[in-house]
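The values are calculated or read from the model by the stated rules, or taken from the named source; none is laboratory data. Fair warning: this is a prediction, and the values are worked out from it, not measured in the lab. When we count neighbours, we look across all protein chains shown, and the Cβ atoms used for this are built from the backbone with ideal geometry, even at glycine. The accessibility values were calculated without ligands, DNA or RNA, using every heavy atom of the protein model including side chains. Shrake-Rupley method; radii C 1.70, N 1.55, O 1.52, S 1.80 Å.
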Amino acid sequence: MATFSCTASGNPVPIVTWTNEEGVDVATLGDPRIRVVGGTLTISETVESDTQMFNCTASNVVGSDSATVSLNVLVPPAVSLPPAMLASQGDSLILNCQPTGNPPPSLSWFKDGQPLVPDNDRLTVSRQTVVITSLYSIDQGNYSCLATSTQGAATASTFLTVLVIPVIHAGVSVVTVTEGDTAVLDCNATGNPPPTVSWFHSSLPVPEPDDTRLGQAANNSLIVTGVMEEDGGQYLCQAVNEAGSETAQIQLVVYVAPLVTPLESSVTIVEGSEVTLTCSATGHPTPTVSWQRNGGEVPSDSTPNLSSEGGEGAGSLIISPVRGEDGGVWECVGTNIIASNRESITLTVLIPPSILSLPHTVTVTEGTPHTIICTATGDPPPLITWLRGGVVVSAQGSLSLEPSANRSDTGLYTCTAANTAGRDSRDVTIDVQYPPTITQSPVSQTTHLHSPVLFQCSAHGNPAPLITWNFQGSPIAGVQEGNFTVPSAGAEDVGTYSCVASNSLGQTSADATLFVLFPPSPPTLLGAVATGSTTIFLQWTPGTDDGGSPLTNYVIEYRLLNDESFISVVASVDDLSATISGLTPYGLYEVQVRGENAVGRGDPSSSLSTRTHSEAPSAPGDFAVVSSTSTSISLSWSTPQPLNGQLAAYQLEYGAEDTFDLSHQTRFLTTTEIEVAGVEAGVTYLLRVRASTVGQDGLFLWGPYSLLRVRDGHTLEIPTLPPSPSPSPSPSPSSSSSPSPVVTSSSPQPVPTSSRTEPIDRTSSSVTAVPSSSSSSSSSPFSSTPTPSPPPPSSPPTVTPTDLSLSATGVGTITVSWKPPISELETVDGYTIILSPPHLPPTLIPHQTTPTDYSVTLTNLTSFTEYTVTVATYNEGGQGPLSLSGVIKTIESAPSAPQDVPS
């Protein structure tokens with residue numbers, strides 16, 4: 001125990017702590033041997049590691065102070081060595097003796113009790129360590145170290161054993177012996193300590209405890225009695241001690257006679273395939289393997305389908321392809337220097353079935369019996385069956401269609417021959433043939449004209465029947481299929497169609513009739529006549545054939561002659577006449593009639609042409625002052641639109657506005673311009689102009705006026721005026737009782753008549769049917785014989801007569817003569833004479849002459865009166881231009897007797 005006291009004074013009272021050399025407060029070390037009480041440090045059970053400096057420190061808030069003390073713990077010497085050491089010869093050895101004690105002791109080395117003195121360069125001795133390099137057996141012994149000090153002495157020792165690796169002294173390396181003899185294998189080994197010898201064969205220790213044939217002699221030799229083949233091989237002699245081990249190998253060679261072992265004693269194979277016969281031959285030396293059959297070596301040049309592989313220890317004989325004659329016994333032979341042995345292999349060759357010739361197709365007529373025989377070769381003999389659709393139908397070699405072949409027997413049959421070697425099959429198609437039958441007959445049909453018609457026909461038979469078609473008993477060329485189409489049915493297609501199915505065993509047929517419905521035949525148009533300016537009456541009789549379908553109605557078609565398309569209106573089937581209304585006045589129309597039934601509209605009747613009556617024209621247009629002077633006014637206007645007929649003349653009336661007396665200011669003109677003379681400056685004049693056409697009765701049909709109000713050549717606004725009476729539509733030149741003009745001609749011709757009609761709305765047309773009963777009335781304007789349609793009219797002529805000559809040939813008589821137009825390329829049917837007396841409407845006198853007569857005499861005219869005479873051409877297309885005019889005054893008549901003369 002060691003105790004240190006440390007006292008300290010100070011104010012406040014200082015605190016005393018003890019620290020070791022590392023500056024650690026010893027009170028915090030947790031060592032139960034160390035205690036600090038007040039200023040005293042106590043260490044109980046001191047040890048050598050307690051030797052060190054300790055520091056006492058006193059401290060308060062003012063400062064600190066310290067003092068150091070030293071503790072030295074005395075310990076007796078101590079040394080240690082392992083009790084024994086092993087080292088192998090040639091190794092290096094280090095002996096280390098580490099002494100302890102305080103004060104430190106001195107150290108000495110000894111071997112076998114004698115001081116250890118280095119006597120060779122392998123030995124090195126220092127204070128604590130002995131080093132021996134490349135140990136020899138002489139270095140083996142007892143080594144010790146001695147430690148001494150003031151506190152006492154201590155010693156330690158160890159025994160060194162030097163180990164020597166075993167050495168095997170070689171003998172023979174190969175021992176040869178025959179199977180069944182005794183073999184001795186020697187192994188002589190030395191070493192330190194003496195080694196233990198063991199034997200191994202194929203890495204396994206020998207002898208085994210229960211093996212009585214193998215034993216190890218006292219000199220460590222291995223003795224093998226009754227040597228067997230498996231005893232041969234490498235043997236290992238192993239010598240082992242603590243220093244190590246040593247081995248030596250000895251080869252034991254055992255000669256063994258061949259042992260032949262086939263892979264299979266019997267082999268079964270199918271002819272045509274490949275087989276390999278295999279055998280092995282064991283023995284020592286390793287036997288060679290060869291093959292024999294019937295005492296001869298194989299393969300040879302006479303056995304091209306044989307080949308061999310291997311030769312030493314094992315071999316294979318390859319037969320490819322296997323033939324039937326290859327069946328039998330084959331011998332595998334094993335040979336070495338000891339002996340030759342053999343084993344046999346039996347080869348059985350199976351022959352697969354082979355069906356002899358069979359036809360691919362058998363043709364049989366329905367109702368007759370038939371048998372097909374199937375034969376086959378093979379070993380073992382094959383089993384023959386017949387199958388249809390995978391189902392066995394005969395387990396014998398023959399297939400019989402009994403009592404007779406039926407069409408249901410048609411199909412694919414398979415003859416199968418099978419044995420253990422395989423199977424063979426052949427397909428035979430049985431074709432049972434029979435005459436055709438029609439499975440779908442054509443159906444009689446009724447169709448419309450130009451409609452497609454499909455006749456369907458199908459037939460069954462074997463061979464597959466050829467389908468052809470007949471019409472009215474005669475073949476239809478180029479048609480050989482089940483369906484026959486008439487693409488557009490017509491009259492020539494009506495009749496009986498026959499579907500004919502035929503094959504090599506016969507033929508059959510089925511009929512169908514085609515009926516074709518046609519549109520009705522054309523009606524007969526009896527006539528068409530204009531009954532007014534906007535109406536045409538027509539009458540017809542039905543067509544001769546309704547086309548097989550009753551009439552549903554009639555269709556009336558009409559058009560202006562120059563129009564491209566007709567307008568169609570429908571009339572009842574009960575009507576045989578009709579009136580078309582809403583037409584254009586003075587229009588030349590072409591009219592035709594069709595019948596209609598469920599099939600459609602038939603062809604039209606022959607067309608007729610007729611012209612509607614004239615109608616009063618509309619007012620002239622563009623009525624205006626062209627120019628003026630102080631005493632005249634030049635006026636112009638345009639032709640009325642619509643004109644509604646053949647233009648006859650214009651009537652111009654004028655007078656002062658304040659009097660509005662136009663009775664003596666009337667002029668009749670054929671041109672669209674005029675100069676009015678004799679006007680006065682500053683006077684407002686009213687002027688009006690209207691146009692006329694020629695009515696059906698030859699009277700002028702006057703249209704409404706165009707009105708103009710003029711002063712000093714300027715047009716003024718027109719006030720609302722009361723209407724003035726229109727001139728009467730009479731051709732009479734005056735209201736006096738003077739006779740009406742007449743026309744005489746060397747070739748008098750009838751004057752065309754016309755009727756006067758009222759204006760109508762021409763935005764639409766209609767047909768008013770006349771009951772069919774009227775067609776038989778005696779008042780019908782048409783006969784039952786159709787009137788031929790006139791050719792379409794030409795356009796109005798464009799040429800004018802020439803060389804107009806006027807002469808007053810008597811009182812109230814004027815002779816007019818002219819020459820025909822120069823051009824002969826246009827048709828001229830006649831000439832129109834227009835006579836214009838002053839203040840009266842002009843009179844149109846149509847006049848047709850012979851080719852050589854171009855004159856007319858006008859009579860019953862007013863004497864001593866100036867007339868304007870105009871001659872124009874005309875034809876069915878209308879009147880030509882009014883460009884040839886002249887003025888003449890009739891001869892003055894003798895005065896009448898004075899009246900109221902006093903007697």
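Once you reduce segment 339-396 and segment 183-211 to the center of their Cα atoms, the two points are 72 Å from each other. Remark: relative contact order (the chain) = 5 percent; criterion is Cα-Cα distance under 8 angstrom and separation of 6 or more residues.
Segment 228-297 and segment 54-117 have Cα centres spaced 74 Å apart. Only Lys, Arg, Asp and Glu carry charge here, each on its Cβ (+1 for the first two, -1 for the last two); on that basis segment 1-123 has a dipole of about 220 debye about its Cα centre.
If you plug the beta carbon distance of residue 811 and residue 718 into 1/(1 + (r/R0)^6) with R0 = 45 Å, you get a FRET efficiency near 0.55. Between residue 85 and residue 140, the simple spin-label model (points 7 angstrom out along Cα→Cβ) gives 1.6 nm.
Within segment 629-695, the GluC sites (Glu not before Pro) that combine a DSSP coil assignment with at most 13 other C-beta atoms in a 10 angstrom radius are 680.
Modelled spin labels at residue 609 and residue 889, positioned 7 Å past Cα toward Cβ, are 4.7 nm from each other. In this structure segment 373-496 gives 53 Å² per residue of accessible area when probed at 1.4 Å with all protein chains present. Could you tell me the center-to-center distance, by alpha carbons, between segment 432-457 and segment 552-585 in angstrom? Answer, in whole Å: 44. Summary value for segment 155-259: 36 percent relative contact order, contacts being C-alpha pairs under 8 angstrom separated by 6+ residues. The value of relative contact order for segment 286-344, using C-alpha pairs under 8 Å at least six residues apart, is 37 percent.
Within the accessible area of segment 344-466, the carbon and sulfur atoms contribute 54%, probe 1.4 Å, all protein chains present. Of the residues 338, 605, 401, the one whose Cα sits farthest towards the positive end of the charge dipole of the chain is 605 (charges of +1 on Lys and Arg Cβ, -1 on Asp and Glu Cβ, taken about the Cα centre). With Cα Rg over 2.2 N^0.38 Å defined as stated, name the option among [x] 0.99; [y] 1.39; [z] 2.73 computed from the structure displayed. Working out Cα Rg over 2.2 N^0.38 Å from the coordinates points to [z]. Solvent-accessible area of segment 33-90 (1.4 angstrom probe, protein heavy atoms only): carbon and sulfur portion equals 54 percent.
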